[in-house]
Amino acid sequence: MLTLVHPGPQTRPRLIAFESRMSSAVIRLKPGQPLVSQLFDALHGIGARNGIAELSGGSLSPVSYCVPADGTHERTVSYSATRTTPQANLILGAATLGSRDGSPFIHSHCLWTTPDGVLQAGHIWPETQIGQSPPVVVLHALHDVDLVSADDPETAMPVFTPQLVKDSTMPENQRERGETCRSVIARVCPNEDITSAVKTICASAGIRTAAIRGGIGSLIGATLTGPAERGPVRVEGPGTEVATLVGLLTTNTAGEPEVTINCTLVDKYGQVHAGTLVPGENPVAVTFELLIQELNPIPGGTDLPEHQKEALA
């Protein structure tokens, strides 16, 4: 497995993960306004200050963004000069919503097409605005953690790190109705394989079935499953920005976790790639923000706890 040597001391631990109650809401944004402020307005509107947003459909106009770039004398991985697309038809995107220096701060990657059908993706800058057809957003509010961005000594790049907080930000009406589910929000540090990280995080939390969603970060290139006769497909690094990442963890009859993760990502040439990640072959380049949502096992499925299997027998 490839690794990168970053300029600073390694962060410890390599997986920083906290459980949090999570509540979700579907929001439609308003046209002609900055994407960043709209997402935070929506988050604050449901009584939260930290969360993960999943965007789909609609348009952005304009899109201000960058793609990965080779390292500099200060950083092992860097990013390109700002690029602009005047009009974009959004396919999917994700955003981590938290704070930096006490003010709202966002980390967002999106995937879109231009009016002439060119597929693009990248890291979104604050200048990006919502187009005339607003995207639909699924907001996942995290009630027991703060997501704090700071410059990372290891990579010399800004990264989000979850921090556990004691005071709940959950509105009373949501608490009374029990409108939450169990989740884990995590930062995965450089050179850790993303599939292995999911397994370790879920094992530590005692989670047997989970959705991996809203993942934002970078990989050292990427290794995707390819045609059986040709083997895996390798995307050149050193860094690739993951625009979308979704996956599923289940538990087989032997009690072993099985993870499938699909993603789209953009390389340093601006080319977009998509596929299923090969387990054990996709280490993180700079950072990865993972949201893991515990799911109920499928009735009659192999990952049911024994007492539920007996009840269905």
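The values are calculated or read from the model by the stated rules, or taken from the named source; none is laboratory data. In this text the structure is predicted, and so the values were computed from the model without any measurement. Cβ atoms come from the backbone with ideal geometry, glycine included; neighbour counts cover every protein chain shown.
Please go through region 117-141 and give me each residue that is among the hydrophobic types (A, V, I, L, M, F, W, C) and either more than 24 Å from Gly270 (Cβ to Cβ) or touching a residue at least 12 places away in the same chain (Cβ under 8 Å) (or both), ordered by number.
Answer for region 117-141, where residues must be among the hydrophobic types (A, V, I, L, M, F, W, C) and either more than 24 Å from Gly270 (Cβ to Cβ) or touching a residue at least 12 places away in the same chain (Cβ under 8 Å) (or both): Leu119, Ala121, Ile124, Trp125, Ile130, Val136, Val137, Val138, Leu139, Ala141.
Kindly check whether there is at least one residue in region 130-137 that is modelled with pLDDT of 95 or more, surrounded by fewer than 21 Cβ atoms within 10 Å (Cβ to Cβ) and among the β-branched types (Val, Ile, Thr).
Checked against the condition, which is being modelled with pLDDT of 95 or more, surrounded by fewer than 21 Cβ atoms within 10 Å (Cβ to Cβ) and among the β-branched types (Val, Ile, Thr), region 130-137 yields at least one hit.
Here are some residues: Gly58, Gly32, Gly102, Gly51. Which one is out of contact with any strand residue (DSSP E or B) (no Cβ under 6 Å at 6 or more places or on another chain) and farther than 18 Å from Pro158 by Cβ?
Residue meeting the stated conditions: Gly32.
crowded, with 16+ Cβ neighbours inside 10 Å, assigned to a strand (DSSP E or B), among the aliphatic types (A, V, I, L, M) and touching a Gly at 6+ places or on another chain (Cβ under 8 Å): does that describe Leu90?
Here the answer is yes, as Leu90 does meet what is asked.
Scan region 180-236 for residues that are touching a Lys or Arg at 6+ places or on another chain (Cβ under 6 Å), in a loop (DSSP other than H, G, I, E, B) and either of a type in the set (S, T, N, Q) or within 25 Å of Val272 (Cβ to Cβ) (or both) and jot them down.
Within region 180-236, Thr180, Glu192 qualify.
Has region 117-127 got any residue that is among the β-branched types (Val, Ile, Thr), outside any strand (DSSP E or B), surrounded by fewer than 21 Cβ atoms within 10 Å (Cβ to Cβ) and in contact with a strand residue (DSSP E or B) (Cβ under 8 Å, 6 or more places away or on another chain)?
No, region 117-127 contains no residue that is among the β-branched types (Val, Ile, Thr), outside any strand (DSSP E or B), surrounded by fewer than 21 Cβ atoms within 10 Å (Cβ to Cβ) and in contact with a strand residue (DSSP E or B) (Cβ under 8 Å, 6 or more places away or on another chain).
Could you tell me which numbered condition Thr114 fails, if it satisfies all but one of (1) crowded, with 22+ Cβ neighbours inside 10 Å; (2) without any contact (Cβ under 8 Å) to a residue 60 or more places away in the chain?
(1)
Give the residues of region 62-79 that are crowded, with 19+ Cβ neighbours inside 10 Å, of a type in the set (Ser, Thr, Tyr) and assigned to a loop (DSSP other than H, G, I, E, B), sorted by residue number.
Scanning region 62-79 gives a single hit, Thr76.
Looking at region 81-90, is at least one residue at pLDDT below 95, within 27 Å of Lys268 (Cβ to Cβ), in contact with a strand residue (DSSP E or B) (Cβ under 7 Å, 6 or more places away or on another chain) and hydroxyl-bearing (Ser, Thr, Tyr)?
There is no residue in region 81-90 that is at pLDDT below 95, within 27 Å of Lys268 (Cβ to Cβ), in contact with a strand residue (DSSP E or B) (Cβ under 7 Å, 6 or more places away or on another chain) and hydroxyl-bearing (Ser, Thr, Tyr).
Taking region 15-47, which residues are part of a loop (DSSP other than H, G, I, E, B), surrounded by 12 or more Cβ atoms within 10 Å (Cβ to Cβ) and on the phi < 0 side of the Ramachandran plot?
Leu29, Pro31, Gln33, Ile46, listed by residue number.
Based on what the data block shows, is Gly102 out of contact with any helix residue (DSSP H, G or I) (no Cβ under 7 Å at 6 or more places or on another chain) and more than 30 Å from His6 (Cβ to Cβ)?
no
Would you please name the residue that is farthest from Pro283 (Cα to Cα), looking only at residues in region 1-14 that are buried (at least 18 other Cβ atoms within 10 Å of the Cβ) and not β-branched (Val, Ile, Thr)?
His6
Thr82 is checked against (1) in contact with an Asp or Glu (Cβ under 9 Å, 6 or more places away or on another chain); (2) surrounded by 15 or more Cβ atoms within 10 Å (Cβ to Cβ); (3) within 30 Å of Thr223 (Cβ to Cβ) and fails just one. What number does that condition carry?
(2)
Would you mind stating whether Ile207 is at pLDDT 95 or above, aliphatic (A, V, I, L, M), over 30 Å from Pro238 (Cα atoms) and more than 13 Å from the chain's Cα centre (by Cα)?
Against the criterion (at pLDDT 95 or above, aliphatic (A, V, I, L, M), over 30 Å from Pro238 (Cα atoms) and more than 13 Å from the chain's Cα centre (by Cα)), Ile207 qualifies.
Quick one: in region 211-262, which of the residues that are modelled with pLDDT of 95 or more, within 22 Å of Pro190 (Cα to Cα) and among the polar types (S, T, N, Q) is surrounded by the most Cβ atoms within 10 Å (Cβ to Cβ)?
Among those residues, the one meeting the criterion is Thr240.
Name the residues in region 28-67 that are without any contact (Cβ under 8 Å) to a residue 24 or more places away in the chain, of a type in the set (Gly, Ala, Ser) and either closer than 16 Å to Ser99 by Cβ or in contact with a Phe, Trp or Tyr (Cβ under 6 Å, 6 or more places away or on another chain) (or both), would you?
Result: Ser37, single match.
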